[in-house]
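Structure first, then comments.
The values are calculated or read from the model by the stated rules, or taken from the named source; none is laboratory data. In this text, all values refer to a predicted model and were calculated from it rather than measured experimentally. Because the Cβ atoms are built from the backbone with ideal geometry, glycine has one as well, and the counts that use them run over all protein chains shown. Only protein heavy atoms, including side chains, enter the accessible area calculation; ligands, DNA and RNA are left aside. Shrake-Rupley method; radii C 1.70, N 1.55, O 1.52, S 1.80 Å.
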Amino acid sequence: MSQPSIISLLIAALFTENFVLVKFLGCCPFLGVSKKIDTAFGMGMAVVFIMSLASAITWCADYFLLSRFNLEYLQTIVFILVIAGLVQFVEMFIKKSMPALYNALGIYLPLITTNCAVLAVTILNIQNSFDFIHSILYGAFAALGFSVAIILFAGIRETVNEEDVPESFRGFPIALVTAGLMAMAFLGFSGFSI
């Protein structure tokens, strides 16, 4: 299979196949950490680091270990273990170097381990037969798409919280309406493909 160009991979991961707004993966941290731009940015950067590194490590694990010894049936377990280890590393780093961000992210930081978007990108790398470089790029671009979505959503939520919203829509209901409108806007990019 021929590898897609880097530009088409970027457009697909950011817009046409955005994990949160098009594929609806990773909605828990998207809705939970998006109340403030600062915490949304911190979560986005943690996801960029984890998705990029997880894409590289899981590709190597699949290529050099699982495929070589016909152990593809262990793929999901191995990928989850890799992701869990990376999240623990990032959690320890953020706790030590940025305690305010660590406290702001709260339970959502360890939840990256079970974030289906992180697991999905590692599995899609293998299913799409991406080579090592394209796997890392797709992981990084998908994570950037997640980050763009969560930061835009946080900015909109901050603005909406200052507006006069009807009582029945305040808080989480208006957040869901906003997320739905953002998803519809991102579906406008669906004409593009890899």
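Worth a mention:
- With Cα atoms, 0 to 90° folded angle of helix 132-161 axis to the chain main axis: 10 degrees
- Once you reduce region 1-37 and region 123-194 to the center of their Cα atoms, the two points are 6 Å from each other.
- Remark: region 1-138 carries 49 Å² of accessible area per residue (probe radius 1.4 Å; ligands, DNA and RNA excluded).
- FRET efficiency for Leu181 and Arg68, using Cβ-Cβ distance with R0 set to 41 Å, rounded to 0.05: 0.30
- When only Cα pairs below 8 angstrom with a gap of at least 6 residues are kept, region 1-114 shows a relative contact order of 26 percent.
- Computed helical MRE - 222 nm, the chain, DSSP H runs ≥ 4 contributing -39500 (n - 2.57), nearest 500: -21000 deg cm²/dmol
- Taking every alpha-carbon pair under 8 Å whose residues sit at least 6 apart, the chain reaches a relative contact order of 44 percent.
- Normalised contact order of region 66-169, rounded percent, pairs of Cα under 8 Å and 6 or more residues apart: 20 percent
- Additional length obtainable on full extension of the chain from Asp131 to Phe24, 0.36 nm per residue less Cα span: 36.0 nm
- The string of couplings for region 55-63 from the Karplus curve (6.51, -1.76, 1.60, θ = phi - 60°) is 4, 5, 5, 5, 4, 4, 4, 5, 5 Hz, one whole number per residue in order, with x for Gly and Pro.
- Kirkwood-based Rg to Rh ratio, the chain, C-alpha trace: 1.00
- Heavy-atom surface analysis with a 1.4 Å probe gives the chain a carbon and sulfur content of 70 percent of its accessible area.
- In this structure the amide hydrogen of Leu25, modeled in the peptide plane, comes within under 5 Å of the amide hydrogens of Val20, none closer than 5 places in sequence on its chain.
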